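The values are calculated or read from the model by the stated rules, or taken from the named source; none is laboratory data. None of the values given here were measured: they were computed from a predicted structure. No Cβ is skipped: glycine too gets one built from the backbone with ideal geometry, and neighbour counts run over all protein chains shown.
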Amino acid sequence: MSAFPPLPGVLPTHPQRASAGIGLSAAGEFAVDDHTVPASGIAPALALRLAQPGNQDVLVVVRADRQVPFSVIRHTLDEARAAGARRLAIATRQRAEGRS
């Protein structure tokens, strides 16, 4: 079972896919699409993905466990930009009514 929160629409690596995913777990693990990487490996792994033909403008979606500090998410966004990502998004979950 994956330690990363699920994100519909961000599936394992596939050339010419419309989106790429970066996952951040509460345990401090990182993944680019379906590949676990060290924190220092986010930019290189994403750069390889973006270098594939047709992937220069894919949407890069960062999904993180709610316990991940925003400073880590912010650093991850900076790493994605350094890797050449032009389009970035942060995945969120909508709260159910009656829950806070």
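Observations on the model:
- The set of residues from the stretch 52-97 being out of contact with any Lys or Arg (no Cβ under 9 Å at 6 or more places or on another chain), of a type in the set (A, V, I, L, M) and under 17 Å from A31 (Cβ atoms) comprises V61, V62, A64, V68, V72, I73, L77, A80, A85, A89.
- Residue check for D57: at positive phi and among the charged types (D, E, K, R): no
- For the stretch 32-43, a residue qualifies if it is over 19 Å from I73 (Cβ atoms) and at pLDDT 95 or above, but none of them does.
- Applying a threshold of 7 Å to beta carbon distances and a minimum spacing of six or more residues, or different chains, the list of pairs starting in the stretch 22-37 at a residue that is assigned to a loop (DSSP other than H, G, I, E, B) and ending at one that is modelled with pLDDT under 90 and buried (at least 19 other Cβ atoms within 10 Å of the Cβ) reads S25/F4.
- Checking the stated criteria, D33 turns out to be of a type outside the set (K, R), within 10 Å of the chain's Cα centre (by Cα) and farther than 14 Å from I90 by Cα.
- Which listed residue, of S2, S71, is surrounded by fewer than 14 Cβ atoms within 10 Å (Cβ to Cβ), at pLDDT 95 or above and over 10 Å from the mean Cα position of the chain (by Cα): S71
- Test set (1) among the basic types (K, R); (2) surrounded by 15 or more Cβ atoms within 10 Å (Cβ to Cβ); (3) in a loop (DSSP other than H, G, I, E, B) - R66 fails condition number: (2)
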